[in-house]
Amino acid sequence: MNNLKKIGPLALRAFLYAIALLVICLIIIKDFANAVVLEDEIIEITQEIFLVLAVLVSLMATKFKGFKTFNYVMAGMLSVHFIREFDFWLNYNIYEYAWQILAILVFIPTVYLMLKKRQFFIDELFKLSKTYGFGIFLSGFLSLHIFSRLFGSKKIWNWLMEPIYNENIAEVNGEKVISLYDFVFPLKTGVQEGVELFAYLWILIGIIEMYITMKHHKNDLNK
């Protein structure tokens with residue numbers, strides 16, 4: 001019975017995370033049904049919600065004295081990602097390069113804090129690197145910045161879809177009625193945004209798991 005009590009919270013979180021994965025799959029299906037993923041679609045909105053939650057959890061975790069620097073840096077870096085998700089809206093509705101300026105205004109003090117308190121940051125990072133929450137976060141972070149970019153590459157999807165395009169897209173006066181770019185773009189964009197949504201969920205889960213670890217094992221981690 002004691003063992004069940006120990007793993008009960010973990011089993012509950014695993015169930016909730018599984019539900020979250022199911023939800024993002026349903027979101028992707030719904031947006032894909034429109035044949036294009038736009039800036040105001042549910043995929044994009046959900047990405048932004050995940051980022052806001054991750055920033056809030058990181059800020060809440062600054063109350064743990066042994067991990068204050070790490071969590072402030074994490075909140076800053078995730079805030080830069082949040083601003084980046086609004087690049088089109090900011091540039092279109094305010095002025096060009098607006099998102100870059102706002103991102104820099106957050107990025108510079110975050111990097112300054114990390115460098116100023118680099119020993120604290122390195123020590124805290126080293127302690128948290130031993131936790132599976134950090135492993136989940138790192139998997140999501142690498143999926144976001146490497147896998148989504150490579151798997152959502154226009155070149156890859158051009159290679160895959162060009163034979164279908166050549167065989168099935170009609171021609172008028174010897175020219176295709178739709179360009180290869182327009183034919184592939186919805187698929188390429190949908191895949192990339194879908195992977196990004198998946199990655200942002202893992203980032204959020206990793207942040208939550210690190211928070212729980214810091215809360216329940218702060219004495220062990222402070223050694």
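The values are calculated or read from the model by the stated rules, or taken from the named source; none is laboratory data. Note that the structure is predicted; figures quoted are calculated from it, not measured. Cβ: placed from backbone, ideal geometry, glycine included. Neighbour counts: every protein chain shown.
Here are the numbers:
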quantity: Identity of the residue in the range 18-63, in contact with a Phe, Trp or Tyr (Cβ under 9 Å, 6 or more places away or on another chain) and not in a helix (DSSP H, G or I), that ends up farthest from TRP202 (Cα to Cα); calculated: VAL36
quantity: Residue tally, condition closer than 15 Å to ILE205 by Cα and assigned to a loop (DSSP other than H, G, I, E, B), over the range 64-74; calculated: 0
quantity: Test: ILE203 is modelled with pLDDT of 90 or more and either small (Gly, Ala, Ser) or within 20 Å of SER79 (Cβ to Cβ) (or both); calculated: yes
quantity: Filter result for ILE146 (of a type outside the set (Phe, Trp, Tyr) and either touching a strand residue (DSSP E or B) at 6+ places or on another chain (Cβ under 8 Å) or closer than 20 Å to GLU193 by Cα (or both)); calculated: yes
quantity: Extreme residue, farthest from VAL195 (Cα to Cα), among residues of the range 54-66 that are modelled with pLDDT of 95 or more and crowded, with 17+ Cβ neighbours inside 10 Å; calculated: ALA61
quantity: Identity of the residue in the range 73-122, at pLDDT 85 or above and of a type in the set (S, T, N, Q), that ends up surrounded by the most Cβ atoms within 10 Å (Cβ to Cβ); calculated: SER79
quantity: Boolean, LYS130 is charged (D, E, K, R), at pLDDT 90 or above and closer than 18 Å to PHE70 by Cα; calculated: yes
quantity: Residue within the range 84-104 that is of a type in the set (S, T, N, Q), in a helix (DSSP H, G or I) and touching a Leu at 6+ places or on another chain (Cβ under 7 Å) present; calculated: no
quantity: Number of the exception - PHE32 against (1) touching a Leu at 6+ places or on another chain (Cβ under 8 Å); (2) at pLDDT below 90; calculated: (1)
quantity: Some residue of the range 177-195 being under 26 Å from ARG84 (Cα atoms), touching a Leu at 6+ places or on another chain (Cβ under 7 Å) and modelled with pLDDT of 90 or more; calculated: no
